[in-house]
1. Checking A:LEU523 against (1) open to solvent by less than 20 Å² (accessible area, probe 1.4 Å); (2) over 29 Å from A:TYR435 (Cβ atoms), only one condition comes out false. Which one?
2. Can you name every residue in the stretch A:335-347 that is farther than 19 Å from A:LEU291 by Cα and surrounded by 20 or more Cβ atoms within 10 Å (Cβ to Cβ)?
3. What are the residues in the stretch A:353-375 that are open to solvent by less than 20 Å² (accessible area, probe 1.4 Å) and either touching a Phe, Trp or Tyr at 6+ places or on another chain (Cβ under 6 Å) or assigned to a loop (DSSP other than H, G, I, E, B) (or both), if any?
4. List the pairs whose first member sits in the stretch A:470-485 and is modelled with pLDDT under 95, whose second member is near RNA strand B (Cβ under 8 Å from one of its atoms) and not hydrophobic (A, V, I, L, M, F, W, C), and whose Cβ atoms are under 8 Å apart, counting only residues at least 6 apart or on separate chains?
5. Before we move on, is A:GLY111 under 29 Å from A:THR524 (Cα atoms), more than 12 Å from RNA strand B (Cβ to nearest atom) and outside any helix (DSSP H, G or I)?
6. Is there any pair with a first residue in the stretch A:376-395 that is more than 10 Å from RNA strand B (Cβ to nearest atom) and a second that is hydroxyl-bearing (Ser, Thr, Tyr) and part of a strand (DSSP E or B) whose Cβ atoms are under 8 Å apart and which are 6 or more apart or on different chains, and what are they?
7. Give the number of residues within the stretch A:151-170 that are small (Gly, Ala, Ser) and near RNA strand B (Cβ under 10 Å from one of its atoms).
8. With the condition kept exactly as written, say whether any residue in the stretch A:505-516 is in contact with a Phe, Trp or Tyr (Cβ under 9 Å, 6 or more places away or on another chain), under 25 Å from A:LYS146 (Cβ atoms), touching a residue at least 40 places away in the same chain (Cβ under 8 Å) and not hydroxyl-bearing (Ser, Thr, Tyr).
Amino acid sequence: MTIEAILKEDIRIAIQKHFDVAADDIILQPTKKEFEGFYTFVTFSLSKTARKSPAEIGQIIGTELQESSSLVSHFNVVQGFLNLSLKDSTWRGLFDSILTNPAFGTFPSNGESVMVEFSSPNTNKPLHLGHLRNNFLGDSLARILKASGYDVVKTCLVNDRGIHICKSMLAYRELGNGETPESSGLKGDHLAGKYYVLFDKEYKAQIGKLVEEGMSEELAAKKAPWMLEAQQLLLAWEQGDQAVVDLWNKMNGWVYDGFRQTYDKIGVAFDKTYYESNTYLLGKDIIEEGLKKNVFFRKDDNSVWIDLKEEGLDEKLVLRGDGTSVYITQDLGTTELKFSDFHNNRYLWVVGNEQDYHFKVLFAILKRLGRPYADGCYHISYGMVDLPSGKMKSREGTVVDADELVSQMIQTAADRTQELGKIDDFESAEAKKLYDQLALGALKYFLLKVDPKKRMLFNPEESIDFQGHTGPFIQYTYARIRSILRKAEQSGLIPTVPSENYKIHAAEKELIFSLSLYPSRVLTAANEFAPSVISLYAFELAKVYNQFYAEVSIFQDPDPEAVKFRIALSKVVSETIHSALELLGIDVPERM
RNA sequence: GGUCCGGUAGCUCAGCUGGAUAGAGCAACUGCCUUCUAAGCAGUAGGUCAUGUGUUCGAAUCACAUCCGGAUCACCA
């Protein structure tokens, strides 16, 4: 049982005893900094039933706890707030339980499995900042869910077919002159992206010309020669035209090669990758089934629909009149495939909030169809990354390219590190590794510290910080501690829990308290699908440690017990920081 | 227009299962490196929590309304 749980029980018993009131859900909050104590119980709500003033109630419960609770040393009451301080033996026991628990912050298997689908790129252009948020969120969530007891499968659904890919292919065929990643020195995904942009340029010119000749803009957009041709390409692809399929294979191959480099660089991997070219025909059987079950209905033009007005949604098309699939058809099929592949208890999709409606519809359909996995489906909807100028638009060239951003961050990390001159003795490979760790630490932390649901702002003018509320701040705290632990080891000092006579310092209590919060934060992060909970925790812990570090001396303290205790505290903090950052996919350096 | 999400310090964000004088970081200003890494610590300054009404002993937090911003409502994905 946790300290908090025992305290709540003690408070419940005290209330029962003195006021004869059954209080089931006792809520404790952390005591605000300006008051003494660590846990606060608010008594206002008891005032009516207990027929006493909040302050009196606080006094009575506080006195009772001081006498009978095994944990409480003393208390103070401010208005209706009962602030509780803990005995040194409580702190010692708490710390001991953390120190001796090698799996601190991770939970045993809960017997459930979950699939996290994320990343899901299109193969016509390179990854951008928005994809990074998606990738980091998905990767981190997978780690957090694993730590909280789930069996996790990470999947990626690659959108490797469709009109957008055909646009790149067309522009390449017409303007490419046989260019390759090797001949151009461009990463494959960037090469494909280049032709996507070229397509758009030419396409716009064609529209302009048609409009000049008197055509309406809307019609011109449909009738522009390259648009018609791209549609022809798509059709040819679907019919298996060898030349088209060959080009498609060639260009997608380049793109995958480029993606692989990016994924390697940012440390993201998947257990299984699904390709839309393999799944886009799936789902039609489900449409048939739904028609038989009268979940769907057919309109006169042969298109198939579902009426979701009861769910507060609308009528929704599930199959085109010509019998071809739409997005939702595919998703029905892919979800069925995922289920038959893995039989997970839960399915999560990390997809931007622009698709909120789509997933509402998808899940509603799965329920109507009576799918066993329907209730386990959940859309992890995250907000867009905006620029000061507004939304990123790939066609308008306002996107922040992922590879470029990462290499800029690495350069900044290198510059900053060299300025400080602390690692001048590093081999160049060692230094490079550190720059990568810091750059990705800064970038990942930047994108993961914000509540996923909220849209966030990225200003390319102001590069991402390495000071203050950042990844490198936390990494720095870790490196600092590692340095201490190395020194301790050399001096033969063993981390130890102090004896009963040892008077625990306030800064030490703060640290133990911060540490004790970790497991519950992991669970909160898992339940809310919010890596930001872990981000904020890691920052708080690092901050508390730095305060401790500034306030007390570790090796200079005359009391050998204090020295060994502080080394033990440092050790556990470093391990907890390491663990928390690992949940965010952030690496820790031994020195920086 | 319907639905959904958001509006907290100059900027970026916490806090939102109701509780104490609303917290961080950045930017600004002041101190602290002969002592374990100053990518740090301590401090100053900065707020009508979009607005209004309501519920409550108590509201940034809940409800309703209004204003502002965004997303979505495709036989696109």
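1. Result: A:LEU523 passes all but (1).
2. Within the stretch A:335-347, A:LYS338, A:ASN344, A:TYR347 meet the criteria.
3. A:LEU369, A:TYR373, listed by residue number.
4. none
5. Working: under 29 Å from A:THR524 (Cα atoms): yes; more than 12 Å from RNA strand B (Cβ to nearest atom): yes; outside any helix (DSSP H, G or I): yes.
Yes, satisfied.
6. Qualifying pairs under 8 Å: A:GLY376/A:TYR347; A:CYS377/A:TYR347; A:TYR378/A:TYR347.
7. Filtering the stretch A:151-170 for residues small (Gly, Ala, Ser) gives A:162, A:168.
Filter again for near RNA strand B (Cβ under 10 Å from one of its atoms), leaving A:162.
Selection size over the stretch A:151-170: 1.
8. Yes, the stretch A:505-516 contains a residue that is in contact with a Phe, Trp or Tyr (Cβ under 9 Å, 6 or more places away or on another chain), under 25 Å from A:LYS146 (Cβ atoms), touching a residue at least 40 places away in the same chain (Cβ under 8 Å) and not hydroxyl-bearing (Ser, Thr, Tyr).
The values are calculated or read from the model by the stated rules, or taken from the named source; none is laboratory data. Computed from a predicted model, the values in this text were never measured in an experiment. Backbone-built Cβ (ideal geometry, glycine too); neighbour counts: all protein chains shown. In case anyone asks, the SASA skips ligands and DNA or RNA and just uses the protein heavy atoms, side chains included. Shrake-Rupley method; radii C 1.70, N 1.55, O 1.52, S 1.80 Å.
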